[in-house]
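Asks: To start, I am sharing the structure in question, which I have written as structure tokens.
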Amino acid sequence: MPASPETPLLQARGLTKRFGSFAALSDVDFVLEPGEVRGLVGSNGAGKSTLVKILTGAHAPSKGQVFLRGTPLPAGAPLEMLEAGIACIYQHSSLVPSLPVLDNVFLGRQPTRRLGFIDRRTQRERAERLIAEHGIEVDLGALVGNLSTVKQKEVEILKALALNARIILMDEPTAWLSRSEVTKLHRTIRRLKSQDVGVLYISHVLDEVFQVCDSVMIMRDGRVVWNGLVSEIERQRLVDLMVGEKLGAASRAATHQERKPGGTGEVRLSCKDLTRRNLFTGVSFDLHAGEILCVAGLIGAKRSELVHSIFGSDRFDSGTLELNGAPIRIHAPGGAIASGLGLVPEDRHRDGLFLAHSVAENLSMVALNKVSRLGLLRRAEMNGAASRQIERLGIVPQDASRIVGRLSGGNQQKVMIGKWLEAEPKILILDEPTVGVDVGAKAEIYTILRRLRDQGTAVLVISSDIEEVMTLSDRIAVMVSGRILSIHDAGTITQDELVARIGGAA
Amino acid sequence: MRILIGNASLDPRRFLAAYALPIALVLVAASFAVAQPAFLSVGNLTGIVHRVTTTGIMAIGMTFVIMTGGIDLSVGPVMALSGLVAYFALQAPGLPTGAAVLAGLLAGMLVGAINGLAISFLRLPPIIVTLGMLSIVRGVALTLGGPELHQINGQPSYTFIGTGFLLGLPFSIWIFAAVALVMIFVQVKTTFSLQIATIGDNERAAYLSGRRVRLVKAMSYVLCSLTAAAAGIIESSQVYTASATFGEFGTELDVIAAVVLGGTSLLGGRGSVARTLVGVLFLGVVNNGLNILNVPIDVQLIVKGAIIVIALAFSERVAARNQT
Amino acid sequence: MARLRRLPNLPLALFFVALYVAFSLLSPRFNNATNIENILSGYSFMAILAIGESLPILTRGIDLSVGSTVALGGMILFDLSMILGLPGYIAVPAAILATTLAGVVNGLLITRLRLQPFVATLATLAAYRGSVYAISGRQLYPELGTKAIRDPWLLGVETYFDVGGATHLDRLFGFPFIPLSFFMMLAVLVATQIVLSRTRFGLDLKTVGGNPEAARLAGIRVDRTIVAAYALSGFCAGLAAVILVARMTTSTEALGTGMELTAISAAVIGGVSLQGGVGSASGPALGAFLLGVILIGLTLAGFSQYVQQIITGTILIGAVWYDRVLSQRRRRVAERLQGGEHASIA
Amino acid sequence: MSDKSKVLRNRGRRRFLQGTALGTVALAAGTASTAGAGVLSSFVGKTYAAEPPKKLKMAFVQFLPHTVPAAWSKGIESVLRSQDNIAYELLDGQSKVEVQISLMDTLINEGVAAIFLQPVDSVAVAPSIAKAKRAGIPVITLNIDAAEKHAAHVEMSHFLGAKDIAKEMGARMGGKGKVAILNAPPGIVIRDMRTNGFMQGLKDYHPGIKVIADQAADWSRKKAQDVLSTILAANPDIAGVYGVNDSMALGAVDVAKQKGILDKLVIFGNDGEKDALESIEKGELTGTQYTDVYQQGRFAAVAATVLATGGVSARSFTSQGRVLMPYIIATKETVGQIRPDQRW
């Protein structure tokens, strides 16, 4: 039945969620109209994820009620929410790696014939129709686990579309997407708009919010602090509302900083045509002490593979690696660390953190020898080091014994970086250091990296976020499908030129 | 404090979570004591400890393996093997007892090394590797010693291990206590056990943090087999006999049950030797109580199963309640 | 993330064939009709058990209680037909119902009490064995211990079909008589295979094992699925019990001791991943018969009983290793094609 | 005491002699008349006459690795070794019925000349035995008779043995007092036979004696130690302990020694393996049911030889040969009769 003008498509009234004494969400109201794209922004821990969880039925609100076209929805009932047509694209994959794409698209709601037999034909037809409609390229037969992260995201979107949902929640949908794919996604969103689907769009990338959203809702400490049309608010004010005045200023300051191309001029690490078959070829560059070199490129340009090969957690077939002018061969991360390298990996949950362990334990895992003698732990020193890093990185809560799994994304990211700072590497490589991190934390991370640089550390950053590259880099290396296309001093290349080159233009 | 509940605060709910099992232990023990006062007699209490020495020592080693997210089903036959090797070493003229014991322990460690290599370097599923070794080691032991019982005569220094007394307590209990204390220290204080736990938590992250993941993992299996070997030697000297049929099927399950009862998750990542010991005592008390009340075997098994379920469900509940 | 392994059981099948050929060369008596008949009649029940076991494993669980459950089913059959003198067509369904319920209990312990499957079924392993002792007709009426079950409906399970004769294949070569138990195994195999590959339930099983969170978010009734998995495992244990009792014309309290480990080995050899989400029905069945072929083959080849254990263990590890090598090669290829992330270390 | 023990000794010896006689007679009855000769000749180590050209294979399917089947195997071998046309092998049932059955099938398919079988259960193996008969293969069962009639059965009666133990034990306890049984979990018939026999014995001869504890110690000496010391904690006034096998009885002895109550306890085992006999001689273990298991194996082997080579087809057995092994309740007084070469 068509939504009558006065009853909104989705309405939340006084949503409140308490965990023990801590209120993750307090008294949140909002409405979502058909064909509306509503942005939802806020720092990590502002309560965005909690809100999403309530809307998907993963959590039941402690107080408040959600209405679909005026009719109240049951609390904490995933299935009913789905059947009501509320789909969600999560930050972390909700796919089954061991199943083919087709099955994942219809996960839990395969069209079935009698006796719960799956109607393969209908399933495939519907999937193909969707693919055609939304111009998504994916092999329905492939195992999801063998797909790249990007493809997996597309499958997730496909999955949501397959529900022909009236409402789609997107939690950081672009976190792992390259620029071109983001635009593709936005096209999809506009199409959904035209089909009267309501979209709740959560993102830390403010540009996207301004590009795609009609209205925006700003959250802080579990409350909605601003709510209105995008046209009525300008970027700076939004940032301030999100992170509070102080941090806002910090992030402003972060954008204009003096650059030091070539740093101290002393070459720390130099790659001489590193090659790994089918991945990257003839990669050569020098990394100087006291500079930040950003490797810009699209996801899938094999930048992660490159740095893992450098770091020894993966191999390369040919080429040489020189450390301070002397050629070295690194076989395992242990060796890399011993010779002063550090690598902050891309996926903090898969590669970075010990979620069941305390902040202190996580922070000391790389520089274990610093907090131990003869294999004996020194808890005192461990906690000392921990509180030092907590201080330095502004990790909240300031509790070294807190289990990392319970921290917000931004703080987890900080812990992961802090782990490496403890080891005081001469060369620090960061792979997408600010993915899924809010503006405030971003700014802080930038400041940290700059401080490192100024202390003479050589910093290599891999980023798909053009803004980040432009903000952070002293020099920019453009990598396209496994090759370094060119290296520029910051300031000698404009954002648009960079975008063009990343796209593969000569 | 920290020994039992790591770095948990004194928050009452967490406290309860941490002490769910000890509390359950006390309750069960109390009810047995009511039903049969003799349960509390000094003799019986030391009897309980004496009974769990071998299982307990093995459970300590198993804790580390399970903390890595692995499991070791091969401990039973290792007991038999180490006992036999020690026995044959004792037959060698002029070989000191110490050397014989060492030989037995080495045999065990060899098995552990093979487990470790296969699991951490060939990356095979632990349950299958150790299941295979379960039958391999048994086969080796039987080829070595045959089905006969080899009596250990005239080896006072060897039989002292299992049957001697020191300050009024069985010597094997002292060994148990020593091992327990050392391993608690190792688990709480050393980087080794921290690495073990982190590997269980996120192996790849540990690897990328420059940890020598494979080595550490392999070592945990060596350690586990070592404890099994020690248990085997203790048993063989307790019964003046070495035989390839010792450590019969089911031993490994008892050991694992004790570890899990102690709250070590089979998914790895967290675990505590001290808690394992509580689990060991728990099972010991249950067995002893059921014997002392002369409960028939069928009821015994059912009750044992029920108690395990209840105890775990209880601590699970408490843990879940303060899950935020 | 569940470790990814595609599984055409091809490598296993090849290994099986290779082994079969090897044994045939080693001992003349191995590759003959009688022996094939022995393998079929001696290990079909184990295949059924392994298929059943693979369902809980698919959900990232494990069922250690199958051995005791078999004993439970067996003893119930024994009591019903020996003490109560009930005919097979009542006793058999009753026993299977009981073992299925035993499975349900496992499932409930895991879902309701949130126990780890390993522990829950470890506890029931003890409890069910205890129940077997408790209800054992052999203990209540010692004289029954020396009497055989004569119920035709029950013993009917232990019949053989002269397929060769019917199809005249036996004119070409010595064709084995096929035991009914083998056809039962085939039925279970086909049914399970269809359920796994074609039905919602099968997919839910894999989803629950492959990514429980995703399953929950997709609105799949995770708990119900898990309970069903253990129930089916219990059901298969019941079938196995029926076959065994029909073979032995009695049941013993010790029946099925250690069977769980054999079943698990068979399942894992058959490519069922202990990380959940990955598995088939044909694999475990093949694995079970592989184990049978090994035992019989080594016996015929005249290996000492103790050396046999060593070889069996080695083959078990070897099979998994070989499978791992292949799957890793496949994964690498897949990455090349997909241009995905670097091979994970874990 | 002294004259009482004299009585016992005499009784013991008399029974032993009876037993041996009975044994040979039974053997003769059970097998072809040539068997007697076979027995003798094979004992003096001559090879059996009239060898067919091809090597015959005989196999022993034990239930699980243990001293008793090991000794049987030795006994069997000692006879078969002397006949170079016979190959012998020992197979292990891994204490699993299904494995034992599968091994039977395999041996039948292999067409062995004879199968020695230690059945886990008298009924469970019956179908396999029937199958062997159809294939014309004689099956000789050891200790546990099968429900299916077969070639020959060589047994030491567990029921009667346990019954005598109860009698002997009661006599030494003066017909009253408390007894604890160190038992095995159900699942092997022997366990039931012995337990029932023992209870029957107490009922018949010493109704005054109470069994106050019957606990499973899983055939294991270590478990027996723990279980008994637990039982003792609750009932310090126990006067007798019956271990359903020697290992468990010896476990009881360990405890008694350690608690220094050896003289207060009457401890009986069952099987009669050499460790137990030693312990009896040392005056620690009170007694056990002994039979010459080597001999038992030899009898079986002889029967098998006769059946396999004597042209007697397994099908033609309407009544089965039955060798009742003589046993004695070995105690400090009688243990002396057991020659070193009879100790296993």
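FYI, it's all coordinate maths here, none of it is from the lab. Note that the structure is predicted; figures quoted are calculated from it, not measured. No Cβ is skipped: glycine too gets one built from the backbone with ideal geometry, and neighbour counts run over all protein chains shown.
Asks: Report the residues of region B:159-191 in range of a label on A:Arg373: point 7 Å along Cα→C-beta, backbone N strictly under 17 Å from it.
Replies: B:189-191
Asks: Let me ask something additional. Quick one: net charge around A:Asn362, please, counting Lys, Arg +1 and Asp, Glu -1 for every other residue with C-beta under 11 Å from its C-beta.
Replies: Residues near A:Asn362 contribute +1 overall.
Asks: Give me the distance in nm between label points sitting 7 Å out from Cα along the Cα-to-Cβ direction at C:Tyr89 and B:Ile23, one decimal.
Replies: 5.7
Asks: A further question follows. Find the centroid of the Cα atoms in region A:71-131 and in region A:455-506, then give the distance between the two in whole Å.
Replies: Between the Cα centre of region A:71-131 and that of region A:455-506, the gap is 40 Å.
Asks: DSSP beta bridges in region A:10-255, what fraction antiparallel, as a percent rounded to 5?
Replies: About 55 percent, rounded to the nearest 5.
Asks: Moving to a separate point now. Taking amide H positions as placed in the peptide plane 1.01 Å from N, state which residues far from B:Arg270 in sequence (5 or more) or on other chains have amide H under 5 Å from it.
Replies: Long-range HN contacts for B:Arg270: B:Ser265.
Asks: Distance cut-off 23 Å, Cα to Cα: go down the list B:Lys304/D:Lys163; A:Lys260/A:Lys442; A:Lys48/A:Lys153 and report the pairs above it.
Replies: B:Lys304/D:Lys163
Asks: With 10 angstrom as the radius, rank A:Cys213, C:Cys236, A:Cys294 by how many other C-beta atoms surround their C-beta, starting from the fewest.
Replies: The order, fewest Cβ neighbours first, is A:Cys213, A:Cys294, C:Cys236.
Asks: Calculate, for C:Thr159 and C:Leu25, the FRET efficiency according to 1/(1 + (r/R0)^6) with r their C-beta to C-beta distance and R0 41 Å; round to the nearest 0.05.
Replies: E between C:Thr159 and C:Leu25, to the nearest 0.05, is 0.80.
Asks: Order these by the 10 Å Cβ neighbour count, fewest first: C:Arg198, A:Arg38, A:Arg277.
Replies: A:Arg277, C:Arg198, A:Arg38
Asks: Taking a virtual spin label 7 Å from the Cα of A:Arg388 along the C-beta vector, which residues in region A:416-453 bring their backbone nitrogen under 13 Å of it?
Replies: Under 13 Å, as judged by backbone N against the label point of A:Arg388, lie A:419-425 of region A:416-453.
Asks: Under 18 Å from a label point 7 Å along Cα→Cβ of A:Asp214: give me every residue in region A:46-73 with its amide N that close.
Replies: Counting backbone N atoms under 18 Å from the label point, the list is A:68-70.
Asks: I want to check the label-to-label distance for A:Lys272 and D:Ala135. Put each point 7 Å from Cα in the C-beta direction and report it in nm to one decimal.
Replies: Simple spin-label model gives 7.3 nm for this pair.
Asks: Then there is this: Return the sequence-ordered ³J(HN,Hα) values of region C:271-284 in whole Hz as given by the Karplus equation 6.51 cos²θ - 1.76 cosθ + 1.60 applied to θ = phi - 60°, using x for Gly and Pro.
Replies: x, 7, 7, 5, 7, x, x, 10, x, 9, 8, 5, x, x
Asks: Name the most mobile residue of C:Gly165, C:Gly209, C:Gly130, meaning the one with the largest mean-square fluctuation, in a Gaussian network model of chain C with Cα contacts below 10 Å.
Replies: Evaluated over chain C, the most mobile residue of the options is C:Gly165.
Asks: Got a sec to turn the phi values of region C:114-130 into Karplus ³J(HN,Hα) couplings, 6.51 cos²θ - 1.76 cosθ + 1.60 with θ = phi - 60°, whole Hz, x for Gly and Pro?
Replies: My calculation for region C:114-130 gives 6, 8, 5, x, 4, 6, 3, 6, 5, 5, 6, 3, 5, 4, 5, 4, x Hz in order.
Asks: Of all beta bridges DSSP finds with both residues in region D:60-213, what is the antiparallel percent, to the nearest 5?
Replies: Taking every DSSP beta bridge with both residues in region D:60-213, the antiparallel ones total about 0 percent.
Asks: Scan region C:166-196 for chymotrypsin sites (Phe, Trp or Tyr not before Pro) in coil per DSSP, keeping those whose Cβ has at most 12 other Cβ atoms within 10 Å, and list them by number.
Replies: C:Phe173
Asks: Taking the simple approach of a point 7 Å from Cα along Cα-to-Cβ for both B:Ala113 and A:Asn227, what is their distance in nm?
Replies: 6.9
Asks: In peptide A:296-302, what is the residue-averaged number of other protein chain Cβ atoms found within 10 Å of each Cβ?
Replies: Averaged over the peptide's residues, the number is 1.
Asks: Next up: Output wanted: per-residue J couplings in Hz (rounded whole) for region A:67-80, from phi through Karplus 6.51 cos²θ - 1.76 cosθ + 1.60, θ = phi - 60°, x for Gly and Pro.
Replies: Karplus-based 3J(HN,Hα) across region A:67-80 equals 10, 10, 6, x, 9, x, 9, x, 8, x, 10, x, 4, 4 Hz.
Asks: Now for a separate question. Quick one: if the Förster radius is 22 Å, what FRET efficiency do D:Lys55 and C:Val307 give, using the C-beta to C-beta distance and rounding to 0.05?
Replies: Working from the Cβ atoms, E equals 0.55.
Asks: Follow-up question, since we're still on this one. Before anything else, pin down the relative contact order of region B:2-321: Cα pairs under 8 Å, at least 6 apart, normalised by residue count, whole percent.
Replies: Taking the mean separation of contacting Cα pairs over the length of region B:2-321, I get 35 percent.
Asks: Which of C:Leu40, C:Ala266, B:Ala35 sits farthest toward the positive end of the charge dipole of the protein assembly as shown, with +1 on the Cβ of Lys and Arg and -1 on the Cβ of Asp and Glu?
Replies: Checking the options against the dipole of the protein assembly as shown, the answer is B:Ala35.
Asks: Separate question: Check which residues have an amide H placed less than 5 Å from A:Val344's amide H, if you skip close sequence neighbours.
Replies: For A:Val344, whose amide H was placed from the backbone, the distant partners under 5 Å are A:Ile429, A:Leu430, A:Asp431.
Asks: Can I ask one more? Over chain C, what is the relative contact order in percent, taking alpha-carbon pairs closer than 8 angstrom and at least six residues apart?
Replies: 35
Asks: OK, next. Take every DSSP beta bridge whose two residues both sit in the protein assembly as shown, then give the antiparallel share in percent to the nearest 5.
Replies: Here the share of antiparallel DSSP bridges comes out near 45 percent.
Asks: Once R0 is set to 30 Å, what does the formula 1/(1 + (r/R0)^6) return for the Cβ-Cβ distance between C:Gln328 and B:Ser265, expressed as a FRET efficiency to the nearest 0.05?
Replies: Using R0 = 30 Å, I get an efficiency of 0.65.
Asks: Can you tell me, using C-alpha contacts under 8 Å and at least 6 residues apart, the relative contact order of chain A as a whole percent?
Replies: 15
Asks: Something else: Ranked by Cβ crowding within 10 angstrom, fewest neighbours first, how are A:Thr264, C:Thr199, D:Thr305, C:Thr121 ordered?
Replies: Ascending Cβ contact count within 10 Å gives the list A:Thr264, C:Thr199, D:Thr305, C:Thr121.
Asks: Is the shape of region A:352-422 rounded, prolate or oblate, going by the alpha carbon gyration tensor and its root eigenvalues a ≥ b ≥ c, with a/c under 1.5 for rounded and a/b larger than b/c for prolate?
Replies: Prolate, since a/c reaches 1.5 and a/b exceeds b/c.
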